[in-house]
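Trainee: Before I ask anything, here is the structure I am working with.
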Amino acid sequence: MNFTGKYQLQSQENFEAFVKAVGLPDDVIQKGKDVKGVITEIVQNGKHFKFIISTGPKVTKNEFTLGQECELETMTGDKAKAVVTMEGDKLVTTFKNIRSVTELNGDILTSTMTLGDIVFKRISKRI
């Protein structure tokens, strides 16, 4: 399975509860609720991945190699050390008590982040 491609956000669940729990300020939360044009670009080269997530004017870039410690930028702009692994056909990591699972099913990219009992899901489609 190759994740390479560009994906546009189609829907998201529990955005507001999740981002409040991670500590985003209310003004940023309000802007984030209205963003429809979130684009995730993924470049996969073997076990090396580059994620570029464009949310309006904010661009987050993360690079990692499966099984190796890396530094990821979080939603809050903080940096967190993490190891991303492949479990079956899913990219999985845990940082700052958040479990992140990204999976590709055909042209649908699903990113699920869990913090305690809050599950935030983003569903994007390949463009």
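Trainee: I'd like to verify a number: residues in segment 56-78 that are open to solvent by 40 Å² or more (accessible area, probe 1.4 Å) and closer than 23 Å to VAL19 by Cα, how many?
Mentor: Residues flagged as open to solvent by 40 Å² or more (accessible area, probe 1.4 Å) and closer than 23 Å to VAL19 by Cα within segment 56-78 amount to 11.
Trainee: Identify all residues within segment 13-37 that are modelled with pLDDT under 90 and outside any helix (DSSP H, G or I); write none if there are none.
Mentor: GLY23, LEU24, PRO25, VAL35, LYS36, GLY37
Trainee: Follow-up. Within segment 79-100, is even one residue in contact (Cβ under 8 Å) with a residue 12 or more places away in the chain, open to solvent by less than 30 Å² (accessible area, probe 1.4 Å) and within 16 Å of ILE123 (Cβ to Cβ)?
Mentor: Yes, there is a match, as at least one residue in segment 79-100 is in contact (Cβ under 8 Å) with a residue 12 or more places away in the chain, open to solvent by less than 30 Å² (accessible area, probe 1.4 Å) and within 16 Å of ILE123 (Cβ to Cβ).
Trainee: Here's something else I'd like to know. For the structure I just gave you, tell me whether ILE108 is surrounded by 14 or more Cβ atoms within 10 Å (Cβ to Cβ), β-branched (Val, Ile, Thr) and closer than 24 Å to GLN10 by Cα.
Mentor: No; evaluated as a whole, the condition is false for this residue.
Trainee: What residue, among those in segment 111-127 that are assigned to a strand (DSSP E or B) and within 20 Å of VAL43 (Cβ to Cβ), is most open to solvent (accessible area, probe 1.4 Å)? Spell out the reasoning first.
Mentor: So the first thing to find is which residues in segment 111-127 are assigned to a strand (DSSP E or B), and the list is 111-115, 118-126.
Within this subset, residues satisfying the condition of being within 20 Å of VAL43 (Cβ to Cβ) are 111, 122, 124-126.
On the way: SER111: 30, ARG122: 43, SER124: 8, LYS125: 96, ARG126: 74 Å².
Residue satisfying both the conditions and the ranking: LYS125.
Trainee: Kindly provide the set of residues from segment 82-106 that are under 17 Å from THR65 (Cβ atoms) and among the basic types (Lys, Arg), ordered by number.
Mentor: Listed by number, the list holds a single entry, LYS90.
The values are calculated or read from the model by the stated rules, or taken from the named source; none is laboratory data. Values in this document were obtained by computation on a predicted structure and should not be read as measured data. FYI the Cβ positions are ideal-geometry reconstructions off the backbone, even for glycines, and counts take in every protein chain you see. Only protein heavy atoms, including side chains, enter the accessible area calculation; ligands, DNA and RNA are left aside. Shrake-Rupley method; radii C 1.70, N 1.55, O 1.52, S 1.80 Å.
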